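Scroll down for the structure; my scribbles are underneath it.
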Amino acid sequence: MKKKEKKEENLEKKEVTINLDTLGVPIAIIIAALIIAVVVWATNTKTNDTNVDSGNSENEVQNENENDTNSEDTTTPPTTTATASIDNDPYVGDRSTATVAIVEFSDPTCYYCNRHADETFPEIKKNYIDTGKAIYVFKEWPRGSNGALTYEISEAGMCVFDQKGSDVFVQYHEQAFDITEESGIKTLASSLGVDMDAFDKCMSEGKFVSDLEADEAEGTKAGMTGTPGFVIGKLDENGNVTGTFLGGAYPYSTFQSTLDELLK
């Protein structure tokens with residue numbers, strides 16, 4: 001009787017061992033799957049964090065140019081002295097009341113110039129230009145030679161200004177960032193009520209090529225190495241601006257502190 005009981009006990013132990021071994025395979029698979037899932041989750045989280053930190057969406061990366069001055073905003077006030085002039089360039093504001101000026105050097109294919117036009121310029125206009133404290137001068141600084149799309153867009157802007165004045169030029173300037181091919185230049189100009197025969201003549205004759213070259217030289221002398229760039233300073237009666245050079249995509253607060261200091 002004792003032998004039988006002992007035999008049954010051994011059989012039970014053996015069954016338990018077999019059951020544990022059988023369960024070990026699926027458990028190992030489950031554990032391995034969990035480990036893989038955790039690794040994938042951690043990798044994706046790191047990738048997403050990197051994308052957030054960079055501040056750049058896919059479209060933004062496609063629009064960025066290696067000559068854009070800054071990829072990040074900064075609030076450090078500029079200290080480099082510089083000069084510029086109104087010359088015959090488009091500007092907005094009341095020159096009879098303004099004592100300071102902001103001279104912008106811009107490229108129509110520059111992502112950060114576009115961001116400045118969308119986010120910073122409206123605040124400057126509302127608080128300093130519309131109030132008669134400052135004028136805002138637009139100068140073209142295309143990062144391409146004559147014949148390149150960026151150059152053609154810039155030159156066309158001057159032809160628009162020649163016909164329609166500064167207010168319409170500002171509309172062209174703001175919408176020109178969306179142009180991706182040469183046909184878009186005429187489409188935009190026509191939508192703004194430009195006489196297209198006169199426009200075509202202006203472009204074919206290269207009426208403003210020398211002006212663009214002068215703007216480029218002036219910007220380079222002021223400190224331009226990429227776009228956007230600004231000279232912010234006191235405005236004299238001859239249209240000369242003497243102040244500081246600001247190179248990069250700065251937030252409104254930097255312009256505000258610089259202008260307020262000049263207006264004291």
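The values are calculated or read from the model by the stated rules, or taken from the named source; none is laboratory data. Model, not experiment: these values are computed from the prediction. Cβ atoms come from the backbone with ideal geometry, glycine included; neighbour counts cover every protein chain shown.
Conditions (1) buried (at least 21 other Cβ atoms within 10 Å of the Cβ); (2) more than 17 Å from VAL137 (Cα to Cα); (3) β-branched (Val, Ile, Thr); (4) at pLDDT below 95, marked per residue:
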position: LEU188; (1), (2), (3), (4): no, yes, no, no
position: ALA198; (1), (2), (3), (4): no, yes, no, no
position: LEU212; (1), (2), (3), (4): no, no, no, no
position: ASP215; (1), (2), (3), (4): yes, no, no, no
position: ASP236; (1), (2), (3), (4): no, no, no, no
For the stretch 218-225, state whether one or more residues are loosely packed, with under 14 Cβ neighbours inside 10 Å, over 20 Å from the mean Cα position of the chain (by Cα) and not in a helix (DSSP H, G or I).
-> no
